[in-house]
Amino acid sequence: RYESGLDNSPMYDGAFFNATVAVDGAFAVGQMELYDVGMASMFVQEAESLSELARLLGRADDVAALSARAAAQRALIKAHLWDAESGIFVNRFWNGTFYRRISPTSFYALMAGAATDEQAAAMVEQWLHSPERFCIAKDGDMQGNHDDCYWGLPSIQRSDPAFPP
């Protein structure tokens, strides 16, 4: 949906895409009006990967700039996308409210290094290992999961109305 990389996920179902941010004749530029955990976290990973390539090429100025870019985005994720009430990183609308539809991209903040150890542990225990949410059994044996949650990580949490039975 809107080039998110999650074409079949119901995470982006809804009316939060502004199709006419800029219009020039028949050409229109649209924009998702959502600060996305997954996209922001992938940006951090991209900057870190490019920084490593720059290091291998001996481009110290680029290493510093890309590392700073990654650190700045990581800090923004930490400051704005952690929802203490839910205990997970959550997409946020431009008006500051959290988007309550939780998908696996909330866990991308772990890859970006945005979570504290306590936040990461809470996300795994309360979300990843929960049979009501992401259905990943601690031992990988599906024990304790509902009958409709038998595959790996689903594209949306099990308690979401769009979860496929």
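Scanning for something in contact (Cβ under 8 Å) with a residue 40 or more places away in the chain, outside any helix (DSSP H, G or I) and open to solvent by less than 40 Å² (accessible area, probe 1.4 Å), does segment 43-55 turn up at least one residue?
Looking through segment 43-55, none of the residues is in contact (Cβ under 8 Å) with a residue 40 or more places away in the chain, outside any helix (DSSP H, G or I) and open to solvent by less than 40 Å² (accessible area, probe 1.4 Å).
Restricting attention to segment 23-39, which residues are part of a strand (DSSP E or B) and open to solvent by 50 Å² or more (accessible area, probe 1.4 Å)?
Across segment 23-39, the qualifying residues are V23, D24, F27, A28, V29, Q31, Y35.
Collect the residues in segment 56-79 that are in contact (Cβ under 8 Å) with a residue 12 or more places away in the chain and open to solvent by 70 Å² or more (accessible area, probe 1.4 Å), keeping them in residue-number order.
Result: R69, L76, K78.
Given F107, F17, which one is closer than 23 Å to P161 by Cβ and in contact with a strand residue (DSSP E or B) (Cβ under 6 Å, 6 or more places away or on another chain)?
Going through F107, F17 in turn, just one is closer than 23 Å to P161 by Cβ and in contact with a strand residue (DSSP E or B) (Cβ under 6 Å, 6 or more places away or on another chain): F17.
Can A71 be described as in contact with a helix residue (DSSP H, G or I) (Cβ under 8 Å, 6 or more places away or on another chain), closer than 30 Å to L128 by Cα and not in a loop (DSSP other than H, G, I, E, B)?
Judged against the criteria, A71 is not a match.
From the residues in segment 122-150 that are in contact (Cβ under 8 Å) with a residue 12 or more places away in the chain and acidic (D, E), which one is least open to solvent (accessible area, probe 1.4 Å)?
Ranking the qualifying residues of segment 122-150, first place goes to D148.
The values are calculated or read from the model by the stated rules, or taken from the named source; none is laboratory data. Everything quoted here is computed from the prediction, not taken from an experiment. All Cβ positions, glycine included, derive from the backbone under ideal geometry; neighbour counts span all protein chains shown. We work out accessible area using only protein heavy atoms, side chains counted, and drop any ligands, DNA or RNA first. Shrake-Rupley method; radii C 1.70, N 1.55, O 1.52, S 1.80 Å.
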